[in-house]
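Below is one structure, written out as structure tokens, with a few remarks after it.
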Ligand SMILES: C[S@@+](CC[C@H](N)C(=O)[O-])C[C@H]1O[C@@H](n2cnc3c(N)ncnc32)[C@H](O)[C@@H]1O
């Protein structure tokens, strides 16, 4: 397998983690007034196993849903624990249910369910259909894939062209797109390996959404402009989340994996909710009464070498009196209130919107001087992340004698207090001008 293929396989394997009902309930509780008469679509969800589907079936009448649609790409590794179904992708479409779902799906009032068209004894046999991807001229789109072959007993690799085919239930398939067009709000935990494509699709069809994703996308150069322009923001519940994982799941950190009642779970601290539906928490000001102040404590907030901003190592240490630009960890996204702060950018070499053009000597990297120490242009897996060298080496790791950076720990977003907020709070900012 080529490196790319290996990476893809690893990423696809990491897609198989399943959201707990309690995590979904905690987040959805903040939007209960937003679902009335809406068509909700869970488009990466085995309808028989997904807790997203379960949540909306349990709350169908309470939320006043018009319809619930769910399509599964393939049946989950936990398949068969709920209903006796065949090994294929399925869709359900519920327009009316008099019963709340309690326990298993077999309790459901099946009259309001479409797409359960054909059954064979107790098996449901109406499958979704997949299709070839076509370009605007209706020609098949081809992709290059690596394949392994044997030549004179030796294993070799070559690149071959293949028609791009979307399996049944793939969110990119014609059928799933047709369902997407009919829906109002998309709610799911999509495959992380396809997050960018998934998100772009939601944006291009102008859908409302509440989805889970990895916090690292916040500082992705393609995703970031949507954050900066307030087209997507964090959901309400932050913090680490519990997911069910397949039996053969091996975490990098085994302490995060545990078994409960014979089921395997993992805790991930790097996933978060993303939405474009407004909620109250988003408009709560970050409390600044913790006493952190820039003036008189300048040493605590070193300036970067190559960008006019101060480094703030923790969100709770944002100084309440600084009117210039501040570099803060990407977890700021959970505290961002658009009436209090402007998001300025992220340091990248790219010219996307929101990319900060840094001093050319440093190009992609940003750093600061602290007691004579300056950042190096250390490589990082993210390529475009800010690199910090601290006296305590907190963010710097050594592997095989080479310095590497744990990028996720030092990603920075550049922010500023909003002008209106500053002028409304003379008691904080006084007349200090940066
Ligand atoms: C992170 S899991 C979450 C599953 C479910 N939404 C949940 O939260 O429990 C992502 C799911 O998307 C499925 N998937 C992968 N590629 C897909 C695609 N192209 N279209 C639809 N689903 C896909 C994976 O098999 C996996 O079951």
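The values are calculated or read from the model by the stated rules, or taken from the named source; none is laboratory data. What you are looking at is a predicted structure, and each value in this text was computed from that prediction instead of being measured. Please note: Cβ atoms are built from the backbone with ideal geometry, for glycine as well, and neighbour counts cover all protein chains shown.
Look through 176, 240 and report the one residue that is near the ligand (Cβ under 10 Å from one of its atoms), in the same structural domain as residue 27 (by TED's automatic domain parsing) and touching a residue at least 12 places away in the same chain (Cβ under 8 Å). First the steps, then the outcome.
Details: 240 fails: near the ligand (Cβ under 10 Å from one of its atoms).
Just one listed residue meets the conditions, 176.
If you check 294, 322 for being in contact with a strand residue (DSSP E or B) (Cβ under 9 Å, 6 or more places away or on another chain), crowded, with 16+ Cβ neighbours inside 10 Å, touching a residue at least 40 places away in the same chain (Cβ under 8 Å) and farther than 30 Å from residue 189 by Cα, only one passes: 322.
A residue that is under 30 Å from residue 219 (Cα atoms) and touching a residue at least 24 places away in the same chain (Cβ under 8 Å) cannot be found anywhere in segment 147-156. Of the helices (runs of 4 or more DSSP H) contained entirely in segment 1-109, those carrying at least 1 residues that are at pLDDT 90 or above, more than 16 Å from the ligand (Cβ to nearest atom) and surrounded by fewer than 22 Cβ atoms within 10 Å (Cβ to Cβ) fall at 60-63.
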